[in-house]
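Read-outs: derived from the displayed coordinates by stated rules, not from any lab. None of the values given here were measured: they were computed from a predicted structure. Neighbour counts run over all protein chains shown; Cβ positions are idealised from the backbone, glycine included.
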Amino acid sequence: MRKIDAYQMKKIYAIGNALGIKGSGHDDELHTLVAGVTGKDSIKSLTYQEAGAVMKRLEELQGAAVSPELTNRRTKKYESRPGGVTPGQQGKIWKLMYELKKYDAVPNDVSLGDRLCKILKKEMHVDAVARTPFIWLTYTQGNHLIEILKGYVASAQRKGGAGNGIEG
């Protein structure tokens, strides 16, 4: 479990202070509120989500806008190597693969990574694994792959369904 962040701890104390609920020990009003929300009497022992719940409750008491829900969503980071496919190219390739998937006439159980590997094998004669499909591609090959995928998407759009030539 992710522990409370330093900014969350500071925010809890700051809102508590603004409300006149001082956090000076384990028997004060702030710690009583924390125990009421989470069942824990120590702010340091809170998890990230519990701290979010405490901040939400404090903001409700303060009458301020409530913080947006905490999520564990992170921006996808693509690995790259010098002279290889850039993170921007990788993002574009995956975007085109998802767009291509929209045109499947019949739902396909094959993962997008496996489909991409089959396209790499057919069009570029490169063996790849779904986990790291771009490892052996150069920057120029990445551009070429993007153009190939654009063609697949355009073909699928014209046909109004599956038409990419790469089935499971």
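Report the FRET efficiency, 1/(1 + (r/R0)^6), for Glu29 and Tyr78, where r is their Cβ-Cβ distance and R0 is 45 Å, rounded to 0.05. The value I calculate is 0.40.
For the stretch 93-105, 3J(HN,Hα) computed residue by residue from phi via the Karplus equation (6.51, -1.76, 1.60; θ = phi - 60°) reads 4, 5, 4, 5, 5, 5, 5, 4, 4, 4, 8, 5, 5 Hz, glycine and proline entered as x. The stretch between Ala53 and Lys150, if pulled fully straight at 0.36 nm per residue, gains 30.4 nm over its current Cα-Cα span.
Between Lys3 and Tyr48, the built amide H atoms are under 5 Å apart, and every one of these is 5 or more places off in sequence or on another chain.
With the simple model of a label 7 Å out from the Cα in the direction of the Cβ, Asp104 to Asp41 spans 5.5 nm.
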